[in-house]
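Everything on this sheet refers to the single structure shown next.
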4 protein chains.
Amino acid sequence: MSSTTSLNTARTQDLVDRFETIRSHSVSLIAGLSDADTTAQSMEDASPAKWHLAHTTWFFETFLLRDNVQDYKAFNEAYAYLFNSYYEAEGARHARPERGLLTRPSLQAVLNFRAHVDDAMAEAMDGFSEALLDLVELGLHHEQQHQELLLTDILHLFSRNPIGPALLEPKPRPAIIDTPLGWIEGVTGVQSIGHHGKDFAFDCEGPRHEVMLHPHAIADRPVTNGEWQRFIADDGYADPCHWLSDGWSWVQKQKIDAPLHWRERDGVTEEFTLQGWREVVLCAPVRHISLFEADAYASWANARLPTEAEWEVAAENGLPDIGNVWEWTGSAYRPYPGFRAAEGAVGEYNGKFMSGQFVLKGGSVATSPGHIRNSYRNFFYPHQRWQFSGLRLAKDI
Amino acid sequence: MSSTTSLNTARTQDLVDRFETIRSHSVSLIAGLSDADTTAQSMEDASPAKWHLAHTTWFFETFLLRDNVQDYKAFNEAYAYLFNSYYEAEGARHARPERGLLTRPSLQAVLNFRAHVDDAMAEAMDGFSEALLDLVELGLHHEQQHQELLLTDILHLFSRNPIGPALLEPKPRPAIIDTPLGWIEGVTGVQSIGHHGKDFAFDCEGPRHEVMLHPHAIADRPVTNGEWQRFIADDGYADPCHWLSDGWSWVQKQKIDAPLHWRERDGVTEEFTLQGWREVVLCAPVRHISLFEADAYASWANARLPTEAEWEVAAENGLPDIGNVWEWTGSAYRPYPGFRAAEGAVGEYNGKFMSGQFVLKGGSVATSPGHIRNSYRNFFYPHQRWQFSGLRLAKDI
Amino acid sequence: MSSTTSLNTARTQDLVDRFETIRSHSVSLIAGLSDADTTAQSMEDASPAKWHLAHTTWFFETFLLRDNVQDYKAFNEAYAYLFNSYYEAEGARHARPERGLLTRPSLQAVLNFRAHVDDAMAEAMDGFSEALLDLVELGLHHEQQHQELLLTDILHLFSRNPIGPALLEPKPRPAIIDTPLGWIEGVTGVQSIGHHGKDFAFDCEGPRHEVMLHPHAIADRPVTNGEWQRFIADDGYADPCHWLSDGWSWVQKQKIDAPLHWRERDGVTEEFTLQGWREVVLCAPVRHISLFEADAYASWANARLPTEAEWEVAAENGLPDIGNVWEWTGSAYRPYPGFRAAEGAVGEYNGKFMSGQFVLKGGSVATSPGHIRNSYRNFFYPHQRWQFSGLRLAKDI
Amino acid sequence: MSSTTSLNTARTQDLVDRFETIRSHSVSLIAGLSDADTTAQSMEDASPAKWHLAHTTWFFETFLLRDNVQDYKAFNEAYAYLFNSYYEAEGARHARPERGLLTRPSLQAVLNFRAHVDDAMAEAMDGFSEALLDLVELGLHHEQQHQELLLTDILHLFSRNPIGPALLEPKPRPAIIDTPLGWIEGVTGVQSIGHHGKDFAFDCEGPRHEVMLHPHAIADRPVTNGEWQRFIADDGYADPCHWLSDGWSWVQKQKIDAPLHWRERDGVTEEFTLQGWREVVLCAPVRHISLFEADAYASWANARLPTEAEWEVAAENGLPDIGNVWEWTGSAYRPYPGFRAAEGAVGEYNGKFMSGQFVLKGGSVATSPGHIRNSYRNFFYPHQRWQFSGLRLAKDI
Ligand SMILES: [Fe+3]
Ligand SMILES: [Fe+3]
Ligand SMILES: [Fe+3]
Ligand SMILES: [Fe+3]
C-alpha cells in the first residue's frame, strides 16, 4: 500500500471533518468518569472505557500511521501489545480478561495518545490514497462501534456497584409505544438483501444477493416492558416448553428470571440505566435480554423471531420504530454467498466470528449518530444481553 | 389419542416386520460387549450402550404402551425416571452426566425390559390407529439414530482405555478414494429442499420450501486422510489465520493437533476404530473432525464448506461418495420456513436444539441400513467430533 | 534387597496364613457385585471395586515378585500402568478420574490376576528375607486399607443410583448408645504417643515421642444421630458463627444441610447404608460427616475436637466405644518428630500426603478385622465425608 | 460495652499518638498511586489499596464509633456493606472477588472517610474505657496487617501489568547474606511458647503454654536466591520425589518453575519488586515462594522446615536474620491449648481461619515498624506466595 498525493479533495475533506467529529465524540462520552471508572473491567465480555479509547486509537496508529507515514514515531512501543484486541496477524497481545488490571497507562496518558495520533492523522490524511482513505473510513466506523460498547460496558460496570453510579443526568425515558401490537405482511418471493450503493459498509454486509422469502408477517413495533412483565407473570422463565434446550440450561444454571439490570424494590420493578436506577417504563421496548429469552418470549407469544432477510426487506420497506433497541433475529451470523474476508489483519474484522452467534438488526439508543443502516449485521452469542438488545415478533402466515 | 381397530393391514404388517428387524439389530450391536462395557459413560456427550438400549425402549413404553394400551403394566416404575433423555414434558429424569453410575439395572435386566416391551408391542400394534403407527415409525427412526450413537459412544469409551479393546473383528478398511479431487458445478437459482413424498422424515426436515442458490461448485468426494496430513504438515493446526475465532480458542485450550482418535506410534499415524488401533488409510475420508477443523481446512484449501441447501440439491442430482462420513455443512441448524414442532412431548424431539449447532448431511459407516436420505439433518456443536464426521469442499464460482 | 533362604519359619508361616486369609477376604467383599458394579467410579475420590482388587495385587507383583523373584512373569504388562495408584517412582499411570472407564480388563480377568499373583507369592514367600517379609506385611495392611475403601466406594456408588441397590442383606444396626454423654478427665503433662512394640505399623505412626498434654476432658462416647438432629433443628447448618471459614464456604457452595447419605422421606430421616435405605438409628453414632461439620458441631456444643495426642493417650487408657466410626481429631496430619519416609517407591506411602488433611482415629464398622490400633493415623481432607467418619467431643478444663 | 470517663491518661495518650502515626502511615503508602491504581484487584486473594484504606477505617467506625459514641453519624451508610471483609456477625457484605469493581467511592472519598473517622476518634478516645481502648489497640494492629497486604497487593497488581510500574524509587536491595549456612542447635524438652507480658497480641498468639521440643537444629539464616537457583538447576521443580502430593499437583497444573515475580530476560534472572523489575540479588533471601516450594526445597536439601515451636523458642534465644522475609514453618495453623475466640464479631478475627493454612513466623521488609514479635502467627494457604514469604531450614539431630 503506497501513499500518493491525492486529488480527491472532497472525500478527503469529508473524512478529515468526520475524523475530528467522531474522535471528539468518543472523548465526550467519558465526561464525568474518573480514571478508575475508565480502568475497571466488570466481566470478560466487557472492556474498560480507557481501553476502548486506546484501542480505537491503536487502529489508526497501526493500520494507517505505522505502515504508511514515513518517520511516524509510535507514541509508546508498549501500546501495540496492550491495545490490540484480537488481530492475530498483528502479533501477541494482552490477555482480554486482564484488561482491567491496566491501571497504567493512566486515562490522561491515553488521552495524550489520542492527541498524538489525531495530530499525525490530521497531517497525513491529505496525502492518503483512496485505499488508505478506505481504511480511515473503516477506522471511523470501528470507533463508532466501540462508542456503543463503551456505553454498555460502563453501564454494566456501574450496575455491579452497590451504590449504582449514574453516567448521565436523569431525564425521562420517552414512552414511545402506546399502541396495541400490529402486524405488517411481509413481501415474499425473491428479494435482495445486503449492502448496496457507494456508502461505507462492513465486509460482512455484502455481497448483496437474492434470497427467497416465504409468507410471513412482522410486528409493527418491538415488544415492550409491560408485555415482558406478562411473560414473567405467566411463569415464562419457569416453563421449559418455551425454551431452546441451551436456553433452558442457561436460565437454570444462571438463575435468570428477568432481563439484565432489572430488580424489584418495594414492589416496583426498576431498571439500571445510564441515569442510575429508575422505574421500568411499561410502554418502552424491553431491553437487555438474550437471544434465548427473546426466542422463549416469541414461543410463548405463539410467534417467532424474524429472519435477518425478513427484517431487512421489511426495513427497506419502512418498518416503524427501528433504532431504540437492537432486535434479535432468528438468523445465525454466517457469511453471505460470495463473502470473502479482506487480506491481512483487517480481514479478521468480521469473518472469523461467524460461528455460534446470532444477528441483531437496527440499532439502539446507544448507537452513535449516523451508524444505523438496514444492512448492518450486529452479532452476539445467544446468552449475551448486556447490549441494548430487545426483540420484534414475526410469524408465518 | 385413541386406539381403534385398523384396516391398514399393509402398513401395519410392514411396521411389525421392521419393528422386529430394527429392535433385533440394536441388540446385535452389543454382541461381544460385557455388562460393564455397556454401563460405562466416557464423557457427558456420550451415553452407555445399556442406556441406549433402555432409552429407545422407554420411548415405546411411554409414548405407545403406557398411554394407549389398556392394562399395560410398566416393566419397572423406576425406568421412566432412569431412561428419559431430555423430554421435559415427561417429568424429572436422571442427570445425564451420571448415566454411567447406573450399574443396576444390569444389562440382562435391560434386555428383559426390551423383551417385555417388544412382546407388548407385538400384541398391540395390530390395533393401532394411523396416528399411533406414526409414533411407532418415529420410534423406529429414533432407535436407528441411537444405534449409530451407541457405536460412536462405544468407540469413544474404548479409545480412552489404554489397552484399546475392539468391538469388531479386524477387516480391511476399504480404500475408497483414489482419484484427484474434482469439482461439480451446482445448479443455481430457485431450488427446493426439504423432505417430500410420503415416506417418513423427522419434523425438522420440512416443510419443503424454495431456496435461492448462488453460483458454486461442490467437490466430487470428501477430503481424505492423506489430504488432511498435508494440512497438518503445513502447520494447519498452528496458524490462526485459517480458523474461526471460537475454533482457534478451542484448538489452543484443548491442545488439538489432529483428528480425534489419531495417534503417532513409531512414525506411523494410527486411528482408533471399532476394530482397535489401525494404521490410517490415506485414501479414505478423514473422520472424527469438528466443524472448527472442517472450516479451517476449507479455508486453508482456499475453499469453503457447502451450505446445507447446496449439498442437498447436489445430492438430489447425484453427488458421489455419500454415506461414508457425515459431512459438515456451513449451515446453522435452524428451523425451515413454516416449521412447527409437534404438540406434546415428542415436539421436543428436534426443535429445541436449534441453537448453536451446525448441520451435517449424508451418513456414515455407522449409520443404520436404510437410515440415509438427502433431506436428513444431522446436527452437532461445532467442537464435537466423536461422530464419524468429515467434510466435502465447496467454492463460489 | 536380596532374597536369601530364611529360617524364620514361624513368621513366614504366619504371613503365609494371613496372606491367604486377607486376600480371600477382599474377594469375599464383592460377593453379589456384578462386573459393572465393580467397574464404575462414582467420583474422583472413589475408585472402582475392581480397581481396588487389582491395585492391591499390583502392590505384591511390583514390590515383591517383579523385583525379587527370578523368572517371575508379569500377568499382563499393561497392568503396571493401569493399577499403580500414585507412586511417582513407579512411572506413568492411568489418570485417577478415568478409572471408571476401564471396562476391560473384566472382573474375571482381575480375579485371574489375583490368582496368578497369589500362586506366585505362595511359592515365593518361603524364601523371602526379613526385609521382603516386611514388605509382605506392608502389602497386607495396604490391602486391608483398600478393603475399607472398597466398601465406602461401593456405598457411594450405590447411593447415587436412584434405585438404591444394597450390597448386604438387611440386618438391624445395633443401638449401641443409650446413655447420656459423660466426660473423662484426660491425663496431663508429658505423655508418649506413636507406635511402640514389635507389631506392624505404618511409618507415619512413629517415631514414638513425648508430647505435652494440657488439662482437658474427653467424651465417653461418640456423638449420636439423635444429637445431630438437634444440631440441625437448631439451625446448626445455617449459622456461620459455628463454622470454620472454609467450612462455611463449603456448606454454602455445596448446599450441605445434613450428613452425607441422609434424606427425608415422608417425615422420616433415612440413611443410605450397605443394606440400602434405612431409617436413621437415633442412638447410633452419627457418620458420614466432614471435619468441617464435626468442628461446627463441637463449637455449637460449646466443646471442641480432641487433639490426636489427647485421643491416643485416652485410648491407651481405655476410652470406651472405639471402632464404630472414625473420629475426627483437631490435629493436622503432619509428621511426627524424627519421621523419615522410607527410601524408594514405598516411601511415597504416607509422607507426601502430609498437607491439608486432618487425622482421624479409631476405626469403623467397615474397618477390616485386626486393623484397628490406637496409634493408627487415618487422614482425609476436611471436606471429605464418604468414609464412616464421626466425632467425639473434648473440652478444656 | 459502655464508655466511661477514664483516668488512664498515659495509655490513652499513647494510643492517641499511635493512632495518628499508624493511620498517617497507611495514607503515606499510596503516595504516587492514582485513583485507578488503588481501585484495581489483581486476583481474588488480593484487595484494592483503596479497599484496604476504607476497610481499616470501617473497623474503627463499626466497632468503636457506631456502638459507643453517642450521636456519631456514619460517613456513608453504604460503606458498612462495601467495606466489611468477612465478619458474618456484621451482616451482608460486598462479594470479595468484586472489590475491584468499586470505582466509586473514589480514592478522594475514601480519604475523606478516613478524615471523618479520624476526627471522631480523636474526639472520642479521651473518654474510652479500658475495654474500648483494647479495641482501639486491636484496630491499630489490624491496620498494620493491612499495610503489609496493601503493599503485597500493589506489587501483585503491578506485576501483572506488562509495563511493570514501580511504587517506589529504585534503591539497592541490601545483600544481607554472605556467609555459608550454619546450624544452631535448638533447646529441647519442655519449653513455653505463646504471647506473654502485657503488650498487645492477637488472641491466637495465646494462651502461652508448654510444648515438648525434640532434638533439632535450625539454620542461622534464611535460604537465599542463589541457593534457590541451585535447586532450580538441579531440576527441583521437575522431580516429584521432593514434593508433597498436593504441591506436585499444584506445580504441574500451574506450570510453576520459579518463585513468583521471577522472569528470565536475556540470560538474567529478574525479580519484580516495588521498585519494578530488577536483577535478582543472589545473597538475599529468596521470597515469594509457597509452602509447597519451601517444603520441596527443604526435602531436596535433606532437611525440613522448623516447627512453629522450634522457631519461636529459637527466636526467643536470639535467632539471627529475622524480619527480612516471612518464614514458612511446618506447623498447621491450629488453636493453642485453651484458646477461645472473643465474643461477638471481633471473635471472627482469627479463630475461624484455623483449617488448611500453615504458620509463618518473623516478618518481612513490608511489615510495618513495630509489628514484628516472636509470638506472631502469620498464616496462609500452602499454595499462596504473593507475600514476602521465604524459608529457613531445620533438621533433626
Ligand atoms: Fe475493535
Ligand atoms: Fe433419544
Ligand atoms: Fe494403595
Ligand atoms: Fe481486615
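The values are calculated or read from the model by the stated rules, or taken from the named source; none is laboratory data. Just so it is clear, the structure is predicted and the values come from calculations on it, not from any experiment. Please note: Cβ atoms are built from the backbone with ideal geometry, for glycine as well, and neighbour counts cover all protein chains shown. Just the protein is used for accessible areas: all its heavy atoms, side chains included, with ligands, DNA and RNA removed. Shrake-Rupley method; radii C 1.70, N 1.55, O 1.52, S 1.80 Å.
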### Task
Please work out which one of (1) more than 19 Å from the chain's Cα centre (by Cα); (2) surrounded by 20 or more Cβ atoms within 10 Å (Cβ to Cβ) is the condition A:Ala92 fails and give its number.
(2)
### Task
Return the residue satisfying two criteria in turn: it lies in the stretch B:55-89 and is without any contact (Cβ under 8 Å) to a residue 60 or more places away in the chain and of a type in the set (A, V, I, L, M), and of such residues it is farthest from ligand 3 (Cβ to nearest atom).
B:Leu65
### Task
Can you confirm whether the stretch C:2-22 contains a residue that is assigned to a helix (DSSP H, G or I), more than 12 Å from C:Val136 (Cβ to Cβ) and either within 16 Å of ligand 3 (Cβ to nearest atom) or open to solvent by less than 30 Å² (accessible area, probe 1.4 Å) (or both)?
no
### Query
How many residues, within the stretch A:190-215, are among the acidic types (Asp, Glu) and either in a loop (DSSP other than H, G, I, E, B) or not assigned by TED's automatic domain parsing to the domain that holds A:Ala309 (or both)?
1
### Task
Just name the residue that is nearest to the other protein chains (Cβ to nearest Cβ) out of those in the stretch B:108-127 that are within 24 Å of the chain's Cα centre (by Cα) and open to solvent by less than 20 Å² (accessible area, probe 1.4 Å).
B:Val110
### Task
Given the conditions (1) of a type in the set (A, V, I, L, M); (2) within 14 Å of chain B (Cβ to nearest Cβ); (3) within 26 Å of the chain's Cα centre (by Cα), report the number of the one that A:Ile289 does not fulfil.
(2)
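Being farther than 30 Å from C:Thr307 by Cβ and surrounded by fewer than 22 Cβ atoms within 10 Å (Cβ to Cβ) narrows it down to one of C:Glu185, C:Glu137, C:Glu98, so name that one.
On the way: C:Glu185 fails: farther than 30 Å from C:Thr307 by Cβ; C:Glu137 fails: farther than 30 Å from C:Thr307 by Cβ.
Only one candidate passes the filter, namely C:Glu98.
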#### Entry: Residue selected from the stretch D:74-107 under the condition within 13 Å of chain C (Cβ to nearest Cβ) and assigned to a helix (DSSP H, G or I), by the criterion farthest from D:Thr38 (Cα to Cα)
D:Ala89
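Output yes when any residue across the stretch A:326-342 is open to solvent by 30 Å² or more (accessible area, probe 1.4 Å), among the hydrophobic types (A, V, I, L, M, F, W, C) and at pLDDT below 95, and no when none is.
From the stretch A:326-342, those open to solvent by 30 Å² or more (accessible area, probe 1.4 Å) are A:334-335, A:337-342; that's our starting set.
Checking the rest, the ones that are also among the hydrophobic types (A, V, I, L, M, F, W, C) come to A:339, A:341-342.
From what's left, at pLDDT below 95: A:341-342.
For the stretch A:326-342, residues open to solvent by 30 Å² or more (accessible area, probe 1.4 Å), among the hydrophobic types (A, V, I, L, M, F, W, C) and at pLDDT below 95: present.
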### Task
Could you check, for the stretch C:372-379, whether at least one of its residues is away from every other protein chain (no Cβ under 12 Å), in a helix (DSSP H, G or I) and either over 13 Å from the mean Cα position of the chain (by Cα) or free of Cβ contacts under 8 Å to residues at least 12 places away in the same chain (or both)?
no
### Query
Within the stretch A:346-356, is even one residue within 13 Å of chain B (Cβ to nearest Cβ) and in a strand (DSSP E or B)?
no
### Message
Suppose we filter A:Ala366, A:Ala309, A:Ala341 for residues that are among the aliphatic types (A, V, I, L, M), assigned to a loop (DSSP other than H, G, I, E, B) and within 14 Å of chain B (Cβ to nearest Cβ); which single one remains?
### Response
A:Ala341
### Task
Please give the number of the condition C:Cys283 fails out of (1) under 24 Å from C:Asn324 (Cα atoms); (2) modelled with pLDDT of 95 or more.
(2)
### Message
For the stretch B:32-61, give me each residue that is within 10 Å of C:Thr103 (Cβ to Cβ) and among the charged types (D, E, K, R).
### Response
B:Asp35, B:Asp37
### Task
Considering only the stretch C:224-237, state which residues are open to solvent by 30 Å² or more (accessible area, probe 1.4 Å) and in contact (Cβ under 8 Å) with a residue 12 or more places away in the chain.
C:Gln229, C:Ile232, C:Asp234
### Task
Only residues that are assigned to a helix (DSSP H, G or I) and either of a type in the set (Gly, Ala, Ser) or within 14 Å of chain B (Cβ to nearest Cβ) (or both): list them for the stretch A:312-333, please.
A:Val313, A:Ala314, A:Ala315
### Task
Determine which member of the set B:Pro162, B:Pro170, B:Pro180 is within 19 Å of B:Trp262 (Cβ to Cβ), away from ligand 1 (no atom under 16 Å from the Cβ) and at pLDDT below 95.
B:Pro170
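Does at least one position in the stretch D:282-298 carry a residue that is part of a loop (DSSP other than H, G, I, E, B), polar (S, T, N, Q) and open to solvent by 30 Å² or more (accessible area, probe 1.4 Å)? Quick ask: steps written out before the conclusion?
Of the residues in the stretch D:282-298, the ones part of a loop (DSSP other than H, G, I, E, B) are D:282-284, D:286-290.
With the extra rule that they be polar (S, T, N, Q), the set shrinks to D:290.
Checking which are open to solvent by 30 Å² or more (accessible area, probe 1.4 Å) leaves us with none.
No: zero hits.
Conditions tested, residue by residue: (1) over 30 Å from A:Glu270 (Cα atoms); (2) out of contact with any Leu (no Cβ under 8 Å at 6 or more places or on another chain).
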residue	(1), (2)
A:Ser129	yes, yes
A:His142	yes, yes
A:Gln147	no, no
A:Leu150	no, no
A:Lys171	no, yes
A:Thr179	no, yes
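Take C:Thr273 and tell me if it is in contact with a strand residue (DSSP E or B) (Cβ under 8 Å, 6 or more places away or on another chain) and of a type in the set (Val, Ile, Thr).
On the way: in contact with a strand residue (DSSP E or B) (Cβ under 8 Å, 6 or more places away or on another chain): no; of a type in the set (Val, Ile, Thr): yes.
So C:Thr273 fails the test.
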### Query
Any residue in the stretch B:166-175 that is in contact with a Cys (Cβ under 8 Å, 6 or more places away or on another chain) and open to solvent by 20 Å² or more (accessible area, probe 1.4 Å)?
yes
### Task
Would you check if A:Gly139 is in contact (Cβ under 8 Å) with a residue 40 or more places away in the chain and either within 16 Å of ligand 4 (Cβ to nearest atom) or among the small types (Gly, Ala, Ser) (or both)?
yes
### Query
If we scan the stretch C:274-284, do we find a residue that is under 23 Å from the mean Cα position of the chain (by Cα) and within 12 Å of chain D (Cβ to nearest Cβ)?
no
### Message
Being within 9 Å of another protein chain (Cβ to nearest Cβ), of a type in the set (Lys, Arg) and either in contact (Cβ under 8 Å) with a residue 60 or more places away in the chain or within 26 Å of D:Tyr336 (Cβ to Cβ) (or both) narrows it down to one residue among C:Arg221, C:Arg160, C:Arg208; which is it?
### Response
C:Arg160
